[in-house]
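Asker: Before I ask anything, here is the structure I am working with.
Where a number appears in this text, it was derived from the coordinates with a stated rule and is not lab data. None of these values were measured; they are calculated from a predicted model. Every residue, glycine among them, receives a Cβ derived from its backbone with ideal geometry; neighbour counts consider all protein chains shown.
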Amino acid sequence: MTRLEVDYLVVGSGAVGMAFADVLLQESNCSIVMIDRHHNPGGHWNDAYSFVRLHQPSEFYGVNSATLGRAGRETTGLNIGDLERASGSEILAYYEHVMQSFLETGRLRYFPMCDYVGDFENVHVFRSMTSGFEHSISVRNKIIDTTYLNTAVPSTHPPRYEIAAGVRCVSVNELPKIKNPPTGYCVVGAGKTGVDACLWLLENGVNPDSICWIMPRDAWYQNRANVQPGYESFLRSFGAIVNQLEAVGQSTSGRELLDRLNADEVLLRLDDSVEPEMYHGATISHSELATLRQIGHVVRMGRVQKIETHQIELDKGTVASDPGWLYVDCSASAVERRPSIPIFSGRKITPQFVRSVQPVFSAAFIAHIELTLDHEDEKNGVCTVVPVPDRPADWLVTFAVNMLNRHRWKDVAGLAQWIADSRLDGFSNLPQQVEPGHLENAELLKKFAAAIGPATQNITRLFDPVAVGD
Ligand SMILES: Cc1cc2nc3c(=O)[nH]c(=O)nc-3n(C[C@H](O)[C@H](O)[C@H](O)COP(=O)(O)OP(=O)(O)OC[C@H]3O[C@@H](n4cnc5c(N)ncnc54)[C@H](O)[C@@H]3O)c2cc1C
């Protein structure tokens, strides 16, 4: 067993560990040991299907100190003109490059293929998964546990339903390996991965009538057109923020709020006649929705219990199927809905969201707070955890905690500038980008200022479970 001594131990070299370590290296002289079970940095992106892409623009994903991609726009595919979204392989190449730059500082040591074993009287132990060799490490400052949110992808999480002998059910990762077309495809799951699988099949020439889509719950999606930072998109992106504030300020119930957000195209859904029961914060574009709407055979009968050769048993009944179908499992939930816990607790930091569904910005922010504020109470005071959303009513919860955090951040000297300078932030410096004399934009800024007060006042009323109707 070797004995190491270090300032910070980061468990996990996924997007969160990397964004956190980057700020520690950029903004302090500390030493870091980073360990991970994977053989390369990038976490779950190592296990993702080959056609995976970010669902947000690359422009504000990754680590603060290094840009991801060319900051260009999509030139092919369904979303021509949108800011580019990196593919899985681009993301992995990026993290490899970033890790190299970390190692070149001489202040970070990386131990891939290692499992964190535990903490014994402040000495942390991890074990090599290849050699079985154990390392013990004394941590002078803190351990950062990035494993709490527990991202799950289908290739590493087998389906929870029963599959009868003779039924072909594969993880979404297997789709590009298809050699002979089955009689049809049945996509199980309606989260981001299910959407990606359906789009991939349609883009690869599969007839929409040959697809059955099992949709346990319909989702509200964020309109990706509103998540396009940069001056060119100012009116659209900032306009959407104003729409959200106005909707929160003027709605009299949760029901009305969601209707308004839908009418303002903040939230989109696959079928306007179906009430979504899920909100995970995934983004989608109008062209993707139009493509998905070609699929007519959508099964809304809850979760799959069992797949047999001629039928599928679901929570709410049974539907007929074809023995020649290929089932594509997309049922893993990307981020586990664990209870929020204090981010700063003694000698442990547990990164979670401090901005709704923005894990990398949140990680960088928490690292900056670790380095700049002194006391644990102060640190937790500006890092209220934004819960991982699951149901439509959670949209309001995440919105409210976002507002609360933003409000508290204003009181911390230098923080507004740090956020504005952070490439992972994407949006905070939009108002500063307004050109003097641009009337339409100046008008929007006025509306923004006018909408904050009513939104803040009305939030409490909307939280009344009776009013929210949830
Ligand atoms: C298909 C898909 C698309 C997504 N698109 C976006 C997007 O566009 N924007 C966005 O913000 N988010 C997106 N996400 C969410 C995504 O979860 C985060 O962006 C981010 O990648 C999560 O990183 P993480 O570090 O929290 O988790 P992980 O990537 O899971 O990393 C955690 C790491 O910890 C390691 N680990 C766990 N336990 C141990 C242990 N005991 N010892 C050692 N190592 C351990 C694991 O091996 C892993 O590498 C997407 C998710 C999916 C599935």
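Asker: Give me the log10 of I(q) over I(0) for the range 299-355 at q = 0.17, 0.24 Å⁻¹, as the Debye formula computes it from C-alpha points; what are the numbers?
Answerer: -0.67, -1.02
Asker: I would also like to ask the following. By counting other Cβ atoms within 10 Å of each Cβ, how are 139, 125 ranked from fewest to most?
Answerer: Listed from fewest to most nearby Cβ atoms, that is 125, 139.
Asker: Could you give me the ³J(HN,Hα) list for the range 365-381, computed from phi with Karplus coefficients 6.51, -1.76, 1.60 and θ = phi - 60°, whole Hz, x at Gly and Pro?
Answerer: Values per residue, Gly and Pro as x: 4, 4, 4, 5, 5, 4, 7, 10, 9, 8, 9, 4, 4, 4, 5, 5, x Hz.
Asker: Under 13 Å from a point 7 Å along the Cα-to-Cβ line of residue 390: which residues of the range 270-287 have their amide N that close?
Answerer: 278-280
Asker: Once the convex hull of the C-alpha atoms of the range 250-368 is built, how many Å³ does it hold per residue, rounded to a whole number?
Answerer: 202
Asker: What FRET efficiency do you get for residue 40 and residue 265 if R0 is 45 Å and r is their Cβ-Cβ distance, rounded to the nearest 0.05?
Answerer: So, using R0 = 45 Å, E works out to roughly 0.70.
Asker: Taking Rh as the Kirkwood radius computed over C-alpha pairs, what is the Stokes-Einstein D of the range 300-424 at 20 °C in a medium of viscosity 1.002 mPa s, expressed in µm² per second?
Answerer: Reported coefficient: 122 µm²/s.
Asker: Okay, moving on. Around residue 140, which amide H atoms from residues at least 5 apart in sequence, or from another chain, sit under 5 Å from its own amide H, with H modelled in the peptide plane?
Answerer: Those qualifying (amide H under 5 Å, at least 5 residues apart or on another chain) are 6, 7.
Asker: As a test of the formula, what do you get for the chain when each DSSP H run with n ≥ 4 contributes -39,500 (n - 2.57) and the sum is divided by the residue count, at 222 nm and rounded to the nearest 500 deg cm²/dmol?
Answerer: Value at 222 nm, helices only: -10000 deg cm²/dmol.
Asker: Would you list 193, 183, 350 from fewest to most Cβ contacts within 10 Å?
Answerer: Result, fewest neighbours first: 183, 350, 193.
Asker: Work out how much length residue 105 to residue 460 would gain on full extension: take 0.36 nm times their residue separation and subtract the Cα-Cα distance, in nm to one decimal.
Answerer: Fully extending the segment from residue 105 to residue 460 adds 123.0 nm.
Asker: Rounded to the nearest 0.05, what FRET efficiency do residue 2 and residue 119 give with R0 = 22 Å and r taken as the Cβ-Cβ distance? Could you check?
Answerer: 0.80
Asker: For the chain, what is the per residue volume of the convex hull drawn over the alpha-carbon atoms, in cubic angstrom?
Answerer: Dividing the Cα hull volume of the chain by its residues yields 164 Å³.
Asker: Using a 10 Å cut-off around each Cβ, can you sort 116, 95 from fewest to most neighbouring Cβ atoms?
Answerer: 116, 95
Asker: Give the distance, in whole Å, between the Cα centre of the range 1-77 and the Cα centre of the range 211-289.
Answerer: For the range 1-77 versus the range 211-289, the Cα centre distance is 28 Å.
Asker: Tell me, rounded to the nearest percent, the portion of alpha carbon pairs in the range 133-202 spaced more than 18 Å apart.
Answerer: The proportion of pairs with Cα distances above 18 Å equals 57 percent.
Asker: If you don't mind, another one. Quick check: pseudo-label points 7 Å beyond the Cα along Cα→Cβ at residue 66 and residue 310, how many nm apart are they?
Answerer: Going from the residue 66 label point to the residue 310 one covers 5.7 nm.
Asker: Run the dipole for the chain about the Cα centre, Lys and Arg Cβ at +1, Asp and Glu Cβ at -1, nothing else charged, and hand back the magnitude in debye, nearest 20.
Answerer: So the dipole magnitude of the chain works out to roughly 320 debye.
Asker: Among 34, 4, 14, which residue has its Cα positioned farthest towards the positive end of the charge dipole of the chain, with +1 placed on the Cβ of Lys and Arg, -1 on the Cβ of Asp and Glu, and the dipole taken about the Cα centre?
Answerer: 4
Asker: Within the range 157-184, find all residues whose amide N lies under 11 Å from a label point positioned 7 Å from the Cα of residue 207 along Cα-to-beta-carbon.
Answerer: From the range 157-184, the list is 184.
Asker: Which residues does a label at residue 163 reach in the range 169-209, if reach means a backbone N under 13 Å from a point 7 Å past the Cα toward the Cβ?
Answerer: The answer is 169-175, 186-188.
Asker: Take peptides 391-400, 81-90 and line them up by average Cβ neighbours within 10 Å, highest first, as a rough protection proxy.
Answerer: Put in order of decreasing packing, that is 391-400, 81-90.
Asker: For the chain, which cysteines have no second Cys with its Cβ under 4.7 Å from theirs?
Answerer: 30, 114, 169, 198, 330, 383 - these cysteines have no disulfide-compatible partner (Cβ-Cβ under 4.7 Å) in the chain.
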